[in-house]
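To start, the structure under review is shown below, and the notes come after it.
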Amino acid sequence: MARETLQQRQARAKAILRRLRKAYPDAKCELDWGTPLELAVATILSAQCTDKRVNLTTPALFRKYRSARDWAAAPQETLEREFHSTGFFRNKAKNVRALMARLDAEFGGELPGDFDTLVSLPGIGRKTANLLVATVFGKPGLVVDTHFIRLSNRLGFVKNETDAAKIERTMQKIIPEADWTDWSHAMVFHGRRCCFARRPECAACPVRTWCPASGTGGVPPK
């Protein structure tokens with residue numbers, strides 16, 4: 001594909017999002033949660049783990065731990081055992097306990113809705129903070145996970161880039177802020193259902209017309 005101007009990239013991204021919205025009208029966060037604290041825990045558990053596994057693990061936890069203080073008071077060893085099936089259980093237990101202790105001590109046990117405050121909390125990086133502000137608080141957020149990174153490269157918006165923060169900054173210039181959340185959900189759904197890490201189903205891809213990795217990608221007409 002010929003080198004694009006920023007305007008051409010924006011036009012191509014707009015066409016891709018329009019097609020993905022049609023292909024995945026139910027695209028959303030697939031973690032199960034009922035309260036902001038529950039989503040925060042589920043998101044921490046989802047690191048290096050599938051949403052399906054997390055959703056099998058959290059119902060019993062959410063019945064047991066109702067407040068930030070409940071989570072903070074849980075012994076490290078207990079949470080490690082309860083988080084074991086999600087992998088990296090020691091760090092996850094440590095992060096959840098530290099996060100909840102901070103929320104209990106400084107925020108009345110509630111999750112703050114400010115992005116900059118969220119990323120200052122234990123266990124919450126940019127990806128998690130963006131997911132929380134988008135899903136819980138209805139603010140725009142680019143959730144740069146492994147699917148987002150893979151598709152950003154395949155779609156030609158970045159080249160051989162794996163740094164999530166750099167990709168986020170690049171896509172902020174291409175995707176209108178009002179579409180950040182929809183774009184994030186669309187990337188995850190498309191990555192899980194079609195554009196797989198191995199053997200992507202390019203023949204069935206709804207956006208192959210605009211994807212350079214498919215061999216047919218180009219800039220959509222104005």
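The values are calculated or read from the model by the stated rules, or taken from the named source; none is laboratory data. Given the structure is predicted, the values throughout are model-derived calculations rather than measurements. In this analysis, Cβ positions are derived from the backbone assuming ideal geometry, glycine residues included, and neighbour counts consider all displayed protein chains.
Pairs please, first residue from region 138-157 and of a type in the set (S, T, N, Q), second anywhere and part of a helix (DSSP H, G or I), Cβ atoms under 9 Å, 6+ apart in sequence or on different chains. Here the result reads Thr146/Gly191; Ser152/Ile167; Ser152/Thr170; Ser152/Met171; Ser152/Met187; Asn153/Ile167; Asn153/Ala213, each pair linking region 138-157 to a residue that is part of a helix (DSSP H, G or I). Of all residues in region 14-37, those that are under 21 Å from Leu79 (Cβ atoms) and either part of a helix (DSSP H, G or I) or of a type outside the set (Asp, Glu) (or both) total 6.
Based on this model, can you work out whether Phe83 counts as assigned by TED's automatic domain parsing to the domain that holds Val119 and at positive phi? Don't jump to the end; show me each part of the working.
Working: assigned by TED's automatic domain parsing to the domain that holds Val119: yes; at positive phi: no.
Against the criterion (assigned by TED's automatic domain parsing to the domain that holds Val119 and at positive phi), Phe83 does not qualify.
The set of residues from region 47-83 being surrounded by fewer than 22 Cβ atoms within 10 Å (Cβ to Cβ) and touching a residue at least 40 places away in the same chain (Cβ under 8 Å) comprises Ala47, Gln48, Ser67, Arg69.
Please verify whether Ala40 is hydrophobic (A, V, I, L, M, F, W, C), within 25 Å of Leu142 (Cα to Cα), assigned to a helix (DSSP H, G or I) and touching a Leu at 6+ places or on another chain (Cβ under 8 Å), treating the condition exactly as stated.
On the way: hydrophobic (A, V, I, L, M, F, W, C): yes; within 25 Å of Leu142 (Cα to Cα): yes; assigned to a helix (DSSP H, G or I): yes; touching a Leu at 6+ places or on another chain (Cβ under 8 Å): yes.
Yes; evaluated as a whole, the condition is true for this residue.
If I filter region 47-61 for residues that are among the acidic types (Asp, Glu), over 20 Å from the mean Cα position of the chain (by Cα) and either at pLDDT below 95 or assigned by TED's automatic domain parsing to the domain that holds Ala129 (or both), do I get at least one hit? Taking every residue of region 47-61 in turn, none turns out to be among the acidic types (Asp, Glu), over 20 Å from the mean Cα position of the chain (by Cα) and either at pLDDT below 95 or assigned by TED's automatic domain parsing to the domain that holds Ala129 (or both).
Taking region 166-200, which residues are in a loop (DSSP other than H, G, I, E, B) and either in contact (Cβ under 8 Å) with a residue 24 or more places away in the chain or closer than 23 Å to Val143 by Cα (or both)? Result: Ile175, Pro176, Cys194, Cys195, Phe196, Ala197, Arg198, Pro200. Checked against the criterion of being surrounded by 17 or more Cβ atoms within 10 Å (Cβ to Cβ), acidic (Asp, Glu) and modelled with pLDDT of 95 or more, the candidates Glu161, Glu168 yield just one match: Glu168.
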